[in-house]
1. So for region 191-237, considering every pair of alpha-carbon atoms, how many percent are separated by more than 13 Å?
2. Exposure proxy check: Ile179, Ile29, Ile72 ranked by fewest other beta carbons within 10 Å?
3. How are the Cα pair distances of region 1-124 distributed, in percent, across 5 Å bins from 0?
4. Using Cβ counts within 10 Å as a stand-in for footprinting exposure, how do Thr52, Thr92, Thr122, Thr5 rank, fewest first?
5. With a 10 Å Cβ neighbour count serving as the proxy for reagent exposure, in which order, fewest first, do Met178, Met106 appear?
6. With an 8 Å cut-off on Cα pairs and a minimum separation of 6 or more residues, tell me the relative contact order of region 191-237 in percent.
7. Under unit Cβ charges (Lys, Arg +1; Asp, Glu -1), what dipole magnitude, rounded to 20 debye, does region 107-217 have relative to its Cα centre?
8. I'd like the Karplus ³J(HN,Hα) series for region 191-198: coefficients 6.51, -1.76, 1.60, θ = phi - 60°, whole numbers in Hz, and an x wherever there's a Gly or Pro.
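Just so it is clear, none of the values below were taken in a lab; they were calculated from the coordinates. None of these values were measured; they are calculated from a predicted model. Here Cβ is always computed from backbone atoms with ideal geometry, including for glycine, and neighbour counts include all displayed protein chains.
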Amino acid sequence: MDPLTHALASYTLKRAAFPRAPRPTTIAILIAGTIADLDSLSKFAGPSAFLTFYRTYFHSLFAALFLSLLVILPFLLRKREPTEIQTSPLPTFAAALAASVLHLLMDLSQSAGVELFWPFSTRRFALDWLPHLDLWIFGILLAGILLPMLSRLVTEEIGAKSKGPRGKLGASLALATMILYLVLRFVLHGNALAALESRTYRGESPRMAAAFPESGSPFRWHGIVDTASALTTSKSKSASPPRLTPTPPPLPTNPNPPLPSTPPATPPLRAASSRSRASPKPPSRKPPMAFISPCAPSPTLATLAPAYASTP
């Protein structure tokens, strides 16, 4: 979760569970509920440092104990005035530890995961129920803080006296609503996974599937499906239980199946002769013969007469 949501959750927890806590205890609760997010500053040291520190050492049960002791230490060492009421440090430590554990539970419900049992185990635990910024949880916590303030102003305006600690009822209702919302997210996440695993992707069954929430709507999820040949991304709506596609029954098998009949071979087509396919040539037309009259002198004799007459 973002630090602002963690601060609202810690303040709501203080009003619901520790309504009469003094101001130092309130400050300790707010610091203990948000100090674990200091590991997000490791992004300024580079990608390697971010992957090493983010949601690892500070987000564990051991760190919750250590940080709770560290937070209340300045309040134990400070000098108190003679007129100040002496308070036991145990309630302050319990309140700070409750805020730290609430921080871990909210981050455990996300997809990034936390190393809950560090330093004994480096395994990450993630439930994939909540996005990094859940607008619904933010609105529920903000309403649980602001609505009692408005109700108190109205009560003071009409002159009525409020019973009980300030804001306890509104904070308790906000925490109860947030728990119911987490249960709803758990159910919808299961429906989204079932919808992803009930389909086939390019003819392949999913080997592994994961559903990740969206910030705006609890009914929309992003899915990643691992098949034998590829990774597939899809969007799933979990407003209702998924409808499973029925598998068709297997075809009856014959112990002695007939051999497939081979179709008759088609005789090859003979290539047509180029001569038979050639288009006939048009008949040649001879030029008309000239008619020479027998009475006309032969052009050859007329040509040779002068040469013959000059011969001695």
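1. When every Cα pair of region 191-237 is considered, 48 percent fall beyond 13 Å.
2. Arranged by neighbour count, lowest to highest, Ile179, Ile29, Ile72 become Ile179, Ile72, Ile29.
3. For region 1-124, the pair-distance distribution reads 2, 12, 20, 21, 18, 12, 8, 4, 2, 1, 0.
4. Listed from fewest to most nearby Cβ atoms, that is Thr122, Thr52, Thr5, Thr92.
5. Met178, Met106
6. In percent, rounded to a whole number, it is 34.
7. It works out to roughly 280 debye.
8. Those phi angles translate into 5, 5, 5, 5, 5, 6, 7, 8 Hz.
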